[in-house]
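See below for the structure under consideration.
The values are calculated or read from the model by the stated rules, or taken from the named source; none is laboratory data. It should be emphasised that the depicted structure is a prediction, and the values quoted were computed from it without experimental measurement. Backbone-built Cβ (ideal geometry, glycine too); neighbour counts: all protein chains shown.
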Amino acid sequence: MSRPKYIFLITVDCLRADFLGCLGGETSFTPYIDMLSKDSLMFTRAFANGPTTSESFPAILTSTYFLMHGGLRLLPHFTTLAEVLSNNGLKTVAFHSNPFLSKGLGWGRGFREFYDFMNIIEGPLTIITGQQDRSLASKLAWFASASLQKVHIVKIEHLLRDIYYKFSRFQIPYIEGRELNNYVVNWIEKNKDKKFFLWMHYMDPHWPFIPPEPYLWDFSSRQEAFVFCMSVDYEKPSKDELEILRSLYSEEVKYVDLCIGDFLRYLEDKRLLDASLILLMADHGHAFMEHGRFGHTYDMLNNEVLHVPLILYGSEHSKSIKIPVQLLDVPPTITDILDLEKPPSFMGKSLIQIQEVSRQPTPIISESAKPDLNNLRYDTSKKVISCIVGKWKIIVNEILKSVELYDIERDFKEKNDMATTETKKEKNLKSLIQKHLIKERLWRTKAILPAKFKPSKTENYDD
């Protein structure tokens, strides 16, 4: 195949796979993504390597795991996809408005232009990550510190949001989809004569669910929807509240699908689409009490959070792939299609090779750890890890000392925990996790101390 001139990495925050028509959701929700999927490789069993943005994106942009970085900041020792492409002559640019992916936290490495809009957007996340007014940030930090002894850690982020919004005027806490499109299109118009890699990240399906007026369901304004979102007790939402939240989320999904459709139509109208490679995915999903929890946080590794859409357009392949894959494989896929050498630090494998070659299933690992909000990092000694091999999935929570085991071929919604009956399978999967952690530590050592590192046979647990 001829090498594409334009590489587009399109990521969507909080987009559940089962809300896409092409992946079993309502067909009316995502007609434009569904249309793209018909001419693409669509991976029906794609999984994020972490349950939140900070824990998922190391895989997407560096083909490494979250625990190798251990905090909000992307460590400088691992090669980014943008660095590889920039070093091979592509212009690299990013557009997003998620503070957890800001330049100040290292996510701009390798991008010649990086627009994270931290000087424009307002919201609690920009303050938590140190991107806005320090006086207000210090007040929030003081409150968090004072509250940690009284409030369970899971509630802290919601408390910070509550305080911020109660003392701030209402403002959408991100660059919404159509505005993001405008920034991207304006840039492309000035650079379409060049080869480039463009990453754009839509925030619209993220809580609070406040879609534009045509998508507001039964609310009269975005402010009214916002007030509703802030009024819900997310520890125990009522059945009616949960239905409204799902409806608002669905409207956000419809809206972001429209924005993606508008962008694809622009590429087609400008005759850029045929020269493009497009990878469309979510960083994670969002739970609506399927396992008694709402949202997405560090210890939520069930499939409503980890199962994500992954669509690859422009590879000259067009089919649906049922083999389980992971977002860790995205960077090596791009380097493979461009016939570039894969950096030694990339831990994933090309999706092109996966769909062409029959082989033993690779363990799919998703990682998390307990947040340490006092220091804005994670306590990686307290891990939560899931592992999928074939039809089996295990979730090991070191904080709660709990283990869950599911046959996700028969029970994809994870309603029947088999940990007490399939003890041999549980033991085998726990052993795979331990081998993975050893491999991860060796890989990290190799990146940080390359001159002193000598490969060991224990580095490869696929043998």
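Quick notes
- Residue within the stretch 15-31 that is modelled with pLDDT of 95 or more, among the β-branched types (Val, Ile, Thr) and either surrounded by fewer than 24 Cβ atoms within 10 Å (Cβ to Cβ) or closer than 27 Å to residue 303 by Cβ (or both) present: yes
- All conditions in (1) outside any helix (DSSP H, G or I); (2) touching a residue at least 24 places away in the same chain (Cβ under 8 Å); (3) of a type outside the set (Ser, Thr, Tyr); (4) under 20 Å from residue 302 (Cα atoms) hold for residue 416, with the sole exception of (2).
- Residue check, residue 349 of a type outside the set (A, V, I, L, M), under 30 Å from residue 83 (Cβ atoms), part of a loop (DSSP other than H, G, I, E, B) and without any contact (Cβ under 8 Å) to a residue 40 or more places away in the chain: yes
- Options 405, 400; residue that is of a type in the set (A, V, I, L, M, F, W, C), surrounded by fewer than 22 Cβ atoms within 10 Å (Cβ to Cβ) and over 20 Å from the mean Cα position of the chain (by Cα): 400
- When residues of the stretch 180-218 are limited to those that are of a type in the set (Phe, Trp, Tyr) and assigned to a loop (DSSP other than H, G, I, E, B), the one nearest to the chain's Cα centre (by Cα): 207
- The stretch 66-85: number of residues that are surrounded by fewer than 18 Cβ atoms within 10 Å (Cβ to Cβ) and part of a helix (DSSP H, G or I): 1
Residue by residue, here is whether (1) closer than 17 Å to residue 281 by Cβ; (2) at pLDDT 95 or above holds:
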{"site": "308", "(1), (2)": "yes, yes"}
{"site": "318", "(1), (2)": "no, no"}
{"site": "321", "(1), (2)": "yes, no"}
{"site": "326", "(1), (2)": "yes, yes"}
{"site": "352", "(1), (2)": "yes, no"}
{"site": "375", "(1), (2)": "no, no"}
{"site": "380", "(1), (2)": "no, no"}
{"site": "406", "(1), (2)": "no, yes"}
{"site": "410", "(1), (2)": "no, yes"}
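- Residues being outside any loop (DSSP other than H, G, I, E, B) and touching an Asp or Glu at 6+ places or on another chain (Cβ under 9 Å) - total across the stretch 24-42: 4
- Taking the criterion of being out of contact with any Gly (no Cβ under 9 Å at 6 or more places or on another chain) and over 19 Å from residue 322 (Cβ atoms), the only residue of the stretch 19-36 that qualifies is 26.
- Filter result for residue 266 (surrounded by fewer than 18 Cβ atoms within 10 Å (Cβ to Cβ) and either under 25 Å from residue 172 (Cβ atoms) or not polar (S, T, N, Q) (or both)): yes
- Residue satisfying all of: in the stretch 280-301; out of contact with any helix residue (DSSP H, G or I) (no Cβ under 6 Å at 6 or more places or on another chain) and outside any loop (DSSP other than H, G, I, E, B); farthest from residue 313 (Cα to Cα) among these: 294
- Against the conditions (1) crowded, with 18+ Cβ neighbours inside 10 Å; (2) more than 21 Å from residue 280 (Cα to Cα); (3) at pLDDT 90 or above; (4) of a type in the set (Gly, Ala, Ser), residue 238 satisfies every one except (1).
- Test: residue in the stretch 83-91 that is among the acidic types (Asp, Glu), more than 15 Å from residue 344 (Cα to Cα), at pLDDT 95 or above and more than 16 Å from the chain's Cα centre (by Cα): no
- Leading residue by the ranking (farthest from residue 393 (Cα to Cα)) among those in the stretch 38-65 that are hydroxyl-bearing (Ser, Thr, Tyr), surrounded by fewer than 24 Cβ atoms within 10 Å (Cβ to Cβ) and touching a Phe, Trp or Tyr at 6+ places or on another chain (Cβ under 9 Å): 40
- Taking the stretch 250-279 as the range and being among the basic types (Lys, Arg), over 22 Å from the mean Cα position of the chain (by Cα) and in a helix (DSSP H, G or I) as the test, only 265 passes.
- For the stretch 215-222, the condition holds for at least one residue, the condition being that it is of a type in the set (Lys, Arg) and crowded, with 16+ Cβ neighbours inside 10 Å.
- Cβ separations smaller than 8 Å between residues 6+ apart or across chains give the following pairs from the stretch 269-283 residues that are more than 16 Å from residue 198 (Cβ to Cβ) to residues that are of a type in the set (A, V, I, L, M) and in a strand (DSSP E or B): 282/12; 282/308; 283/12; 283/308.
Residue by residue, here is whether (1) buried (at least 18 other Cβ atoms within 10 Å of the Cβ); (2) in a helix (DSSP H, G or I); (3) of a type in the set (Asp, Glu) holds:
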| position | (1), (2), (3) |
| --- | --- |
| 381 | no, no, no |
| 385 | yes, no, no |
| 393 | yes, no, no |
| 425 | no, yes, no |
| 429 | yes, yes, no |
| 434 | no, yes, no |
| 438 | no, yes, no |
| 443 | yes, yes, no |
| 447 | yes, yes, no |
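- Consider the stretch 273-293 and keep the residues that are touching a strand residue (DSSP E or B) at 6+ places or on another chain (Cβ under 7 Å) and surrounded by fewer than 22 Cβ atoms within 10 Å (Cβ to Cβ). The one that is nearest to residue 400 (Cα to Cα) is 293.
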